[in-house]
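Following: one structure in C-alpha cells, then a few remarks.
Where a number appears in this text, it was derived from the coordinates with a stated rule and is not lab data. What you see is a predicted model; the values in this text were computed from it and never measured. Cβ placement follows ideal geometry from the backbone for every residue including glycine, while neighbour counts extend to all protein chains displayed.
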Amino acid sequence: MAAEIKLRAWRRMGQISRELGKVKERNQYGHLSELLPTVGRTKQEVLSDAGITTQDASRAETVAAIDEGAFEQYAAKKKAQGEPVYVQQAIKDMTGKKPLAMPTR
C-alpha cells in the first residue's frame with residue numbers, strides 16, 4: 001500500500017513538474033535561459049528549492065506521461081497480486097525504458 005501511494009505521489013510530482021511553464025529570456029550574460037514566467041526563476045531553481053533533483057523530476061515526468069488507464073490497470077494488477085508497486089519497476093514495465101538509478105536517501 002505504501003509503495004502504491006509513493007508511486008502516485010511521484011506521478012503527481014511529474015504532472016506538476018511538467019506544468020511548470022517556461023519562457024526563454026536572455027540572462028545578464030546574453031545567454032538564453034528558460035525562466036518560469038510567474039517567478040522569474042529557472043525550473044531547476046524551483047525544483048531545487050522544493051528538494052527535488054532534475055533527475056527525480058525527469059523520472060517523475062516519465063511516470064506522469066504514462067496513460068492514465070494503463071497506469072491504473074498496472075497499479076490494480078500489482079495490488080491484486082499482493083505485490084508492491086515500485087517507481088523503478090513501474091517505469092520499466094509500462095514504458096520499456098530502463099530507469100535511472102534511484103537515489104539512496
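Scan region 44-87 residue by residue and report those that are loosely packed, with under 14 Cβ neighbours inside 10 Å, part of a helix (DSSP H, G or I) and hydrophobic (A, V, I, L, M, F, W, C).
Of everything in region 44-87, those that are loosely packed, with under 14 Cβ neighbours inside 10 Å, part of a helix (DSSP H, G or I) and hydrophobic (A, V, I, L, M, F, W, C) turn out to be Ala70, Ala76, Ala80.
Do you know which of the residues in region 88-98 that are crowded, with 17+ Cβ neighbours inside 10 Å and over 18 Å from Met1 (Cβ atoms) is farthest from the chain's Cα centre (by Cα)?
Checked region 88-98; the qualifying residue farthest from the chain's Cα centre (by Cα) is Met94.
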